[in-house]
Structures are given as structure tokens and as C-alpha cells.
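Structure first, commentary second.
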Amino acid sequence: MTRAQHAFSNSLLLLSKEMEHSPSVAQIAERAGYQRQTFYNHFQNVEELLSWTYEELALKHFSTIHSLTHWEEEVVIGLDALMTHRVFILWSIEQYPNVLRQQLSMLMTDLMSDLLSALQPCSSLPPLDQQLFQAQFFAHGCVGTLFDWMESNFYYDSKQLAAALHELVHQLYEISFQRYASKK
């Protein structure tokens with residue numbers, strides 16, 4: 001994390017409040033007080049800056065979840081971080097609809113894989129390809145739910161949403177494992 005990366009990210013945040021369309025690299029660099037080439041020394045394009053900004057603002061909170069013990073609380077922190085930047089998030093979803101979805105999909109697949117492993121002892125885990133399929137399946141549902149929440153202007157309380165996601169995923173995994181174990 002360099003000062004320039006933060007300057008470009010802050011520039012993007014400010015421009016998102018002022019512009020209805022996507023800013024150019026030149027506009028971002030000018031607002032940040034740097035030359036265009038400096039931008040390209042750090043990012044390949046605006047989408048990469050956007051991904052980096054998402055990570056810095058909110059997604060880093062989700063990537064720190066490594067146990068079920070405080071899963072809900074840690075998810076609330078990530079959701080609250082998204083809510084804090086609601087104007088930027090809504091603008092970016094409209095301007096770059098796939099960037100956040102792709103990042104959340106990868107992040108949620110990792111989270112669901114970790115959750116899957118934590119919920120059951122290794123002896124009752126399905127084969128790795130089945131685990132990945134299940135993690136992607138549940139991640140897709142979580143990402144869809146998160147996008148519905150964001151696009152509804154963050155209608156639900158973050159604690160309610162985190163609790164509902166946790167309960168749903170936990171129940172679905174239990175059902176999945178019961179079915180898998182009964183087939184063994």
C-alpha cells in the first residue's frame with residue numbers, strides 16, 4: 001500500500017460522488033495529484049483500482065474470518081464497512097457491475113470452503129470437487145443476497161443479515177452433510 005494507491009483510491013471515491021459516469025484514468029490521476037503514468041505503475045486500469053479500493057474499504061474484513069466462533073460478528077463488521085461507503089458502492093455497482101460481484105464470489109467461495117471444513121470432521125467431508133461445488137453454490141447464493149441488500153440501499157440491518165446468512169448456510173451445510181453421510 002503506497003501513498004499513491006491511497007490517493008488514487010480517494011480520488012475515485014470523490015469522483016464517484018461527483019460524476020454519474022465512469023471517470024477516466026486521466027481524471028482519477030489529476031484529482032489525485034499524479035500523472036497518468038504513475039497510475040499505470042500501480043494499476044492496469046480503473047477496474048483494478050476499483051478492486052483494490054473494495055478490498056481496502058470493506059472486503060478485507062471478510063477475508064479475516066477464519067473460524068465459526070465469531071463468524072457473525074466478523075461478517076457484521078464487513079457489512080457495516082460496505083454500508084459506510086454506500087454511495088460509492090451503489091455508484092460502482094451501476095458503473096462496473098461485474099467487478100464487485102467477481103470479488104465477492106471469490107471471497108465468499110473461500111469463506112464457504114472454510115466454513116464447510118469447520119462444520120464437519122475431515123472423515124465426513126465429501127470429495128474435494130464436491131466441496132468446491134458446494135462452496136461455490138452457497139457463495140453464489142450469498143453474493144446474490146448481498147447484491148439484493150446493497151441494491152435495496154442496504155435496507156436490512158447488518159446484524160440481521162449476518163445472522164440470517166449464518167443460519168442459512170449452517171443449515172444447508174448440515175443437510176448436505178447428512179445426505180452425503182447417508183450415502184456412504
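What is the spin-label model distance, in nm, from THR84 to THR64 if the labels are put 7 Å beyond Cα along the C-beta direction?
Between THR84 and THR64, the label points sit 1.1 nm apart.
Full-extension gain between GLU55 and LEU132, please, as 0.36 nm times their residue separation minus the C-alpha to C-alpha distance.
Working: separation 77, 0.36 × 77 = 27.72 nm, distance 2.31 nm.
Contour length minus Cα-Cα distance gives 25.4 nm.
Hey, what's the Cα Rg ratio for the chain versus the globular rule of thumb, 2.2 N^0.38 Å?
On the way: Rg = 18.7 Å, N = 184, 2.2 N^0.38 = 16.0 Å.
Ratio of Rg to 2.2 N^0.38 Å for the chain: 1.17.
Once Rh is set to the Kirkwood radius over Cα pairs, what Stokes-Einstein translational diffusion coefficient, in µm²/s, holds for region 20-72 at a temperature of 25 °C and a viscosity of 0.890 mPa s?
189
How long is the gain from ALA26 to GLU174 if the chain were fully straight, where each residue apart is worth 0.36 nm and the alpha carbon distance is subtracted?
Working: separation 148, 0.36 × 148 = 53.28 nm, distance 5.11 nm.
Gain on extension, ALA26 to GLU174, equals 48.2 nm.
Give me the one-decimal nm value for the distance between modelled label points at GLN102 and GLU151, 7 Å along each residue's Cα-to-Cβ direction.
1.9
Between LYS159 and GLU47, what length comes free when the chain is fully extended (0.36 nm per residue of separation minus the Cα-Cα distance, one decimal in nm)? It would help to have the intermediate numbers written out before the result.
Numbers: separation 112, 0.36 × 112 = 40.32 nm, distance 2.98 nm.
Residue separation times 0.36 nm, minus the Cα-Cα distance, leaves 37.3 nm.
Every number here is computed from the coordinates shown, using simple stated rules; none is lab data. All values reported here derive from a predicted model rather than from experimental measurement. Cβ atoms come from the backbone with ideal geometry, glycine included; neighbour counts cover every protein chain shown.
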